[in-house]
Amino acid sequence: MSNLKILVGCKRVIDFAVKVRVNSAKKAVETANIKHSLNPFDEIAVEEALRLREKLGNNVIKEVIALTCGPPKAQEQLRTALAMGADRAIHVEVGKDDNDVANILQPLAVAKLFKAIVEKEQPSLVIFGKQAIDDDASQTGQMLAGLLNWPQATFASKVELNGDKLTVTREVDGGLETISSKLPAVVTTDLRQLFYIFLRFFIIYIF
């Protein structure tokens, strides 16, 4: 199989280094004037999509598309994905600010939005991070697979493609588990190899 598209979920979250505070109303986390970044596990998902393309070549993987659902400022996270090497980005704009998004975008709502984009873009593989560091729900990928009736592989530590066959290795309590399925499929990643981190530090050092 050639000319594959990979769609990657990219969530805007409060930066992992920020000390989270409750807002003055005592009803939610303070998000105003707080640094946000791309969810670290979704960053790993982008890295894995790019690693697959580098390994298999542009003739096999035609396009890597980053997708986010969120307020206007979520464009910042899409720019991060594009800077890493994604070919294109899609922004489903929801809410005016991060507080709106927290109330509107529960995992099932996000999965339904992704389903609409998948039906339009027709990717062969959708990759999410295993969870978001803000709510730790770990639900969106599984819900999307259910809505699409696609096979899924969660908490992947290694992802391989061979034609229309997907092979995923997962870390389990007893060691490693290998799962195989046909494409199209949904994968959530728990990879620990940060392929682009050295390049990022190099660019920061130079500029």
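The values are calculated or read from the model by the stated rules, or taken from the named source; none is laboratory data. All values reported here derive from a predicted model rather than from experimental measurement. Counting neighbours? That spans all protein chains shown, and the Cβs are built from the backbone with ideal geometry, glycine included. Accessible surface areas use protein heavy atoms only, side chains included; no ligands, DNA or RNA. Shrake-Rupley method; radii C 1.70, N 1.55, O 1.52, S 1.80 Å.
Look at the stretch 44-91 and say how many of its residues are more than 19 Å from L144 (Cβ to Cβ) and touching a Phe, Trp or Tyr at 6+ places or on another chain (Cβ under 9 Å).
Residues that pass the stated criteria total 6.
Given the criteria open to solvent by 20 Å² or more (accessible area, probe 1.4 Å), modelled with pLDDT of 95 or more and either under 18 Å from V8 (Cβ atoms) or not basic (K, R) (or both), does I90 qualify?
yes
Out of A132, A111, I need the residue that is in contact with a Lys or Arg (Cβ under 6 Å, 6 or more places away or on another chain), open to solvent by less than 30 Å² (accessible area, probe 1.4 Å), within 16 Å of C69 (Cα to Cα) and not in a strand (DSSP E or B). Which one?
Going through A132, A111 in turn, the sole match is A132.
Take V159 and decide whether it is free of Cβ contacts under 8 Å to residues at least 24 places away in the same chain, closer than 21 Å to E43 by Cα and crowded, with 16+ Cβ neighbours inside 10 Å.
No: the conditions fail for V159.
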